[in-house]
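**Student:** Dropping the structure in here first, questions after.
Values in this text are rule-based calculations from the coordinates and carry no lab data. Not measured: the values here are computed from a predicted model. A quick note on method: Cβ atoms are made from the backbone with ideal geometry, for glycine too, and the neighbour counts reach across all protein chains shown.
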Amino acid sequence: MNMPGEERLTLLRCAGCGALHVPPKVLCPKCGHEVLLEHSASGLGNIYTFTTIWVAPEAFKKQVPYEIALVQLEEGIKVTARINKKPEETLQIGKPVKFLRKNNLGYWFEL
Amino acid sequence: MRGVSIIGIGTTPFGILEGKSLKEIATIACNEAIKEAGIEKEAVEAFYLGNFISGILLGQETIAPLVANSLGLPKQVPCTKVEGACCSSGIALRQGYLLVAAGLANFVLVAGVEKMTSATTEKNTEGLASAFDQETEGQTGLTFPGFFALIARRHMHQYGTKIEHLALVSVKNHGNSTANPRARFRKKATVEEVMASRMVADPLKLYDCCSISDGAAAAVLCPSDIAHQFSRKPIDILASAHTTGFSTTYEMDDPTILMATVMAAKKAYEMARLFPQDIHVAELHDCFTIAEIVDSEDLGFFEKGKGGFAVEDGLTQVGGKIPINPSGGLISKGHPVGATGLGQVYEIVKQLRGEHENQVRNAGIGLSHNLGATGQVCTVHIFKRRG
Ligand SMILES: [Zn+2]
């Protein structure tokens, strides 16, 4: 399931109002500006909230249990992500996490 | 704008309706509502049917004309399916309300239906997860129990809500539905049973979650000024509000507040010229125990963060300050997703007529709150009995 993917966390910055967005976006929903520039994020953040999924949709059934968190990025916005957790590690609100990769399952972070 | 009233209601029980098809259960609920209203089928001028996942679970679409033909509605009646995840039939009611209020129709049939129990839990989880943005957080394998688990953990962190508070919501709703013949579960539950049930999405356990169900519910609407000709106890719709919230969890500033509910409640109270403390009974969208707590705050019944403590203090029980989900709610009455919104209305109408099996004493004003997906969709309706 940990397929290789993008190694860099790329966000979008609105050329009009400067707001940051998680891609994809066609235009800035805040100000309507149509130019959104790629913005390299630090990949650092902390856990805003988290859960462990025990009952999954059909396509994810073989992966349970798996961790999903809302990650508060250093840049100020949040992103929903999978957490790559070792068995001995425990998640906690506020714990620092760093970006690992983005693949077909979306964003991945680790402690 | 004209006043709009409910003159007839119909429903199937919610639960496992073995051997009965989607078309069949929707037809039964609609037929009952039309008969109760005492109108001829020929009088129906429009039909709105709420449904969420029959396309995914059953491969059955175009169900509004399908049900209309099964029912024998005249062919000139426009039939429309409306979809807004678990808020689908709240929207159906809203659409019917608009048509009658605008003076474009006198008699409108609104209904909701879902047939879920013939599919596996995983297939249902997948169908329900189709309400996530598949280009973004839908990819992660987030589920609806997972979404509300994220909210639960944050709510506990910010406000000191306890895991026992969540369990007490389940215990209350299971207790309420012991009296309700339309409920899937008729057995009491204890805090210990809730806490010991298996994990679904940490910290939410099986008893924190609504139950997959089959079911259908329907209502007939007409202008308030003629409603007394058809019903001894017409129920007036004082307010109808429908709003939009965020499509993804990560775009919410604070996911312990579902803005679509806050906005719909504000609009509904303004329209009805009422305040939260004027409501005598509420059926709100307790798809998970934490959802009932969050909704009760967002609807203004309690201050943000105090919802769990209110449950602990018994304020939401029948006989309490604001009885919430005397039907058993989605958790224990059942949650046939596309039918739930009108199922709530059925329960509120029974309460306001003074005919409910778990009657709130002197209930004169009731509220229903229906929520879809990540709080992407919300309807709030306020109802009043006459006299
Ligand atoms: Zn902008």
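**Student:** Please list, ordered by chain and number, the residues whose modelled amide H lies under 5 Å from the amide H of B:Asp214; skip anything fewer than 5 residues away on the same chain.
**Tutor:** The answer is B:Gly15, B:Ile16, B:Leu17, B:Met116, B:Thr117.
**Student:** Specify the angular offset, from 0 to 90 degrees and rounded to the nearest 10, of the alpha carbon long axis of helix B:340-353 from the longest principal axis of the alpha carbons in chain B.
**Tutor:** 70 degrees
**Student:** Excluding residues fewer than 8 places away in the same chain, name every one of the aspartates and glutamates whose C-alpha is closer than 17 Å to that of A:Lys62.
**Tutor:** In chain and number order, the partners are B:Glu122, B:Glu126.
**Student:** Pick out, in residue order, every one of the trypsin sites (Lys or Arg not before Pro) in segment B:345-387 that is DSSP loop and has at most 11 other C-beta atoms within 10 Å; say none if there are none.
**Tutor:** Here the trypsin sites (Lys or Arg not before Pro) that fit, given the DSSP loop and packing criteria, are B:Arg361.
**Student:** Here is a follow-up. Which aspartates and glutamates does B:Lys23 reach when only Cα atoms under 18 Å apart count, and residues fewer than 8 places away in its own chain are ignored?
**Tutor:** Hits, sequence-local ones excluded: B:Glu32, B:Glu61, B:Glu83, B:Glu114, B:Asp214.
**Student:** Could you pull out the pairs from A:Lys86/B:Lys162; B:Lys233/B:Lys384; A:Lys61/B:Lys115; B:Lys172/B:Lys205 whose alpha carbons sit more than 18 Å apart here?
**Tutor:** A:Lys86/B:Lys162; A:Lys61/B:Lys115
**Student:** Another question, if that's okay. For a test of the definition: using alpha carbon positions, the gyration tensor, and the 1.5 limit on a/c, classify segment B:177-310 as rounded, prolate or oblate.
**Tutor:** Since a/c reaches 1.5 but b/c is at least a/b, the shape of segment B:177-310 is classed as oblate.
**Student:** Sequence gap at least 6, Cα distance under 8 Å: using those rules, report the relative contact order of chain B to the nearest whole percent.
**Tutor:** 26 percent
**Student:** For B:Lys233, what is the net charge nearby, where nearby means another residue's Cβ is under 14 Å from its Cβ and Lys, Arg count +1, Asp, Glu -1?
**Tutor:** Once positives and negatives cancel, what remains is +3.
**Student:** Could you work out [θ]222 nm for the protein assembly as shown from helices alone, using -39500 (n - 2.57) per DSSP H run of at least four and dividing by all its residues? Round to the nearest 500 deg cm²/dmol.
**Tutor:** -8500 deg cm²/dmol
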